[in-house]
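To keep things clear, I will list the structure first and then write my remarks on it.
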There are 2 protein chains.
Amino acid sequence: MDFVGHLTAHNIKPSLQRIKIYEYLHENRAHPTVETIYSDLVDEIPTLSKTTVYNTLKLFIDNGIASTVTIEDNEVRYDAIMDEHAHFKCDSCGNVYDIEMDISTIKFKKINSFKVETTNIYLKGKCNKCLTNKN
Amino acid sequence: MDFVGHLTAHNIKPSLQRIKIYEYLHENRAHPTVETIYSDLVDEIPTLSKTTVYNTLKLFIDNGIASTVTIEDNEVRYDAIMDEHAHFKCDSCGNVYDIEMDISTIKFKKINSFKVETTNIYLKGKCNKCLTNKN
DNA sequence: TTATAAATATGTAATGATTACAAACTTAGA
DNA sequence: TCTAAGTTTGTAATCATTACATATTTATAA
């Protein structure tokens, strides 16, 4: 995938930090937090600042190439996959999985008077790995 | 509704603070934040502490008579309605509305390997009032 | 009723994520 | 090469939440 082209196409000047952060989001689909992104990338970019991570993610969100995933109150996660999908968090191991789904299949009873622009679906429970391991 | 009985039935000793906070949650269905709950109730209970509000809400959640609503990253809201329902936040006026729905109608493509315990649905967009006012 | 222990509530201080802001650095164009 | 604009950085400020110690209330039994 052409990360630089994708940034440019969304009016984002492709600086080293921006390319690396976007690339990281794409290759680490575990929906990382700012802390994770920062600590993993600081090895590669020693001058990296946490403020830059915050600024860059905000820029991505404003320009529509990333979004936040807030399953729990206390942790904000980030996602570069912009296709419609749900998220599942295992409350045993803490991993967050993508769940493919067709949001148009959801039927609401009285949604007429609202103009829905975004739909977020968060599921919680136990993932297969934890169900099998029974730890 | 018998608030005291409901608290007792869920192993919560009905102190004044607990009764008032639970009552408040039931009567203010705009999904208030800790800040709102505290500042509205402190008139009635002048000695009320914000810590008590936090502690009490945590107790309610642990005992299954309330839940958190986290539509945005930066604000945690609380809800005493435990029936299955979705939430809609108007990004114009900021109000949060309950949306009745039957969660069992949702069809996921590959949910087999997960054991889903909780489903949260958050919608964002414009509410009817804001669409009409065109402010 | 009174003494005692357990449960609740309170206030202050600590924590930790996020944001504000100013300075340093980099890039692109004249 | 100079300048201006854009980008990155580090520090300090903010703000919600939690930890914790103290005070208060409640329940129980002598």
- Task: Please state which one of A:THR33, A:THR47, A:THR51, A:THR8 is open to solvent by less than 50 Å² (accessible area, probe 1.4 Å), within 14 Å of DNA strand C (Cβ to nearest atom) and of a type in the set (Ser, Thr, Tyr).
- Result: A:THR33
- Which residues, taken from region B:89-124, are more than 7 Å from chain A (Cβ to nearest Cβ) and among the polar types (S, T, N, Q)? B:SER92, B:ASN95, B:SER104, B:ASN112
- Note on the structure: Flagged pairs (Cβ under 7 angstrom, 6 or more apart or on separate chains; first in region B:40-62, more than 10 Å from DNA strand D (Cβ to nearest atom); second open to solvent by less than 10 Å² (accessible area, probe 1.4 Å) and among the β-branched types (Val, Ile, Thr)) are B:LEU41/B:ILE21; B:THR56/B:ILE21; B:LEU59/B:ILE12
- Query: Of the residues A:ILE71, A:ILE61, which is out of contact with any helix residue (DSSP H, G or I) (no Cβ under 8 Å at 6 or more places or on another chain), over 23 Å from A:GLY125 (Cα atoms) and within 11 Å of chain B (Cβ to nearest Cβ)?
  - Reply: A:ILE61
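Could you run through region B:83-135 and say how many residues are among the hydroxyl-bearing types (Ser, Thr, Tyr), farther than 30 Å from A:LEU131 by Cβ and crowded, with 17+ Cβ neighbours inside 10 Å?
Our first condition is that a residue be among the hydroxyl-bearing types (Ser, Thr, Tyr); within region B:83-135, this holds for B:92, B:97, B:104-105, B:113, B:118-119, B:122, B:132.
Then keep just the ones that are farther than 30 Å from A:LEU131 by Cβ; that gives B:92, B:97, B:132.
Subsequent filtering for residues that are crowded, with 17+ Cβ neighbours inside 10 Å retains B:97.
So the count comes out to 1.
Hand me the list of strands (runs of 3 or more DSSP E) wholly inside region A:28-121 holding 2 or more residues that are polar (S, T, N, Q). Show your work before the answer.
Values: elements: A:67-72, A:75-79, A:85-90, A:96-100.
Once the strands (runs of 3 or more DSSP E) in region A:28-121 are filtered for at least 2 residues that are polar (S, T, N, Q), what remains is A:67-72.
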- Task: Give A:THR56, A:THR70, A:THR52 a once-over and let me know the one that is at pLDDT below 95 and of a type in the set (Ser, Thr, Tyr).
- Result: A:THR70
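Quick one: which residue in B:SER92, B:SER104 is more than 16 Å from DNA strand D (Cβ to nearest atom), small (Gly, Ala, Ser) and over 22 Å from A:LEU123 (Cβ atoms)? So that I can check it myself, show each step before the final result.
Values: B:SER104 fails: over 22 Å from A:LEU123 (Cβ atoms).
Unique residue meeting the criteria: B:SER92.
The values are calculated or read from the model by the stated rules, or taken from the named source; none is laboratory data. Because the structure is a prediction, the values reported are computed rather than measured. As a convention, Cβ positions derive from the backbone with ideal geometry for all residues, glycine included, and neighbour counts pool all protein chains shown. All accessible areas refer to the heavy atoms of the entire protein, side chains included, with ligands and DNA or RNA removed. Shrake-Rupley method; radii C 1.70, N 1.55, O 1.52, S 1.80 Å.
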